[in-house]
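These notes are about the structure you will find just below.
The values are calculated or read from the model by the stated rules, or taken from the named source; none is laboratory data. Note that the structure is a prediction, hence the values are computed from the model and not measured. Cβ atoms come from the backbone with ideal geometry, glycine included; neighbour counts cover every protein chain shown. Keep in mind that these areas ignore ligands, DNA and RNA; they rest on the heavy atoms of the full protein, side chains included. Shrake-Rupley method; radii C 1.70, N 1.55, O 1.52, S 1.80 Å.
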Amino acid sequence: MEYIIIFISAIFVNNIVLSQFLGICPFLGVSKKIDTAMGMSAAVAFVLTIATIVTFLLQRYVLDSFGLGYLQTITFILVIAALVQMVEIVLKKVSPALYQALGVFLPLITTNCAILGVAILVILKEFALLTGVVYAFSTALGFGLALIIFAGLREQMALSDLPEKMKGTPIALITAGMLAMAFMGFSGVV
């Protein structure tokens, strides 16, 4: 039951983008097309889940064991950067079109505060490894859900007749705010 609550809570109630405001840069930057949003969601899900496992193990068995807790942030950033490089190499070989579509935003996963934030939150909440992995994967699903919904809305808005001053970033920010308010409706679920 605990895993189901974590799963629902991380996706809907405490959505990393819409409730905790982490990962806004890729949320706004990669949300112009659904295909790109889906690719970014998959890349973030992979990196977030693997980064959580690796950083958890490093924290528990290296940093805590040797009293090096003050190196947590820099260690986590290095792990995330290495994983993003790995994803970049794999995407370049497996899906060159997605690699091109993600463009500059793929390296931005390295500095995506959602990934670092989740890795640190797993440690701060004192989750066990399996619970932390469920939380990380659920958070990635929530990020992907918000990103894909937002991309769909932005594609639809591109076809709409909007006032000139509202096109682009202004309407995107208004829509993101309305989407965040819509997700607030889930706050009583868990």
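Tabulated data for the structure shown
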{"read-out": "Of all accessible heavy-atom area on the chain, the percent that carbon and sulfur account for (1.4 Å)", "value": "72"}
{"read-out": "Calculated [θ] (222 nm, deg cm²/dmol) that DSSP helices of n ≥ 4 give over the chain, each run adding -39,500 (n - 2.57)", "value": "-22500 deg cm²/dmol"}
{"read-out": "Of LYS32/LYS93; LYS32/LYS92; LYS93/LYS165, pairs whose Cα-Cα distance is over 29 Å", "value": "LYS93/LYS165"}
{"read-out": "Label-to-label distance, nm, for residues given as GLN156 and CYS113 (7 Å Cα→Cβ offset)", "value": "2.9"}
{"read-out": "FRET E, pair CYS25, LEU71, Förster distance 22 Å, beta-carbon r, rounded to 0.05", "value": "0.30"}
{"read-out": "C-alpha center-to-center spacing [the range 26-59, the range 100-154] in angstrom", "value": "5"}
{"read-out": "Cα→Cβ-extended label distance, 7 Å offset, between MET86 and MET178, nm", "value": "4.1"}
{"read-out": "Three-way shape label, the range 45-135, alpha-carbon gyration tensor, a/c 1.5", "value": "prolate"}
{"read-out": "Environment charge of ILE34, counting only residues whose C-beta is closer than 13 Å and scoring Lys/Arg +1, Asp/Glu -1", "value": "+1"}
{"read-out": "Prolate/oblate/rounded label for the range 83-153 (Cα gyration tensor, a/c 1.5)", "value": "prolate"}
{"read-out": "Kyte-Doolittle at least -1.0, axis length at least 27 Å by Cα - qualifying DSSP helices, the chain", "value": "34-58, 72-94, 129-159"}
{"read-out": "Residues LYS167 and TYR3, FRET efficiency given R0 of 35 Å [Cβ-Cβ distance, rounded to 0.05]", "value": "0.20"}
{"read-out": "Solvent-accessible ranking of MET86, MET166, MET157, MET181, largest area first, probe 1.4 Å", "value": "MET181, MET86, MET166, MET157"}
{"read-out": "Heavy-atom accessible area per residue - the chain, 1.4 Å, Å²", "value": "52"}
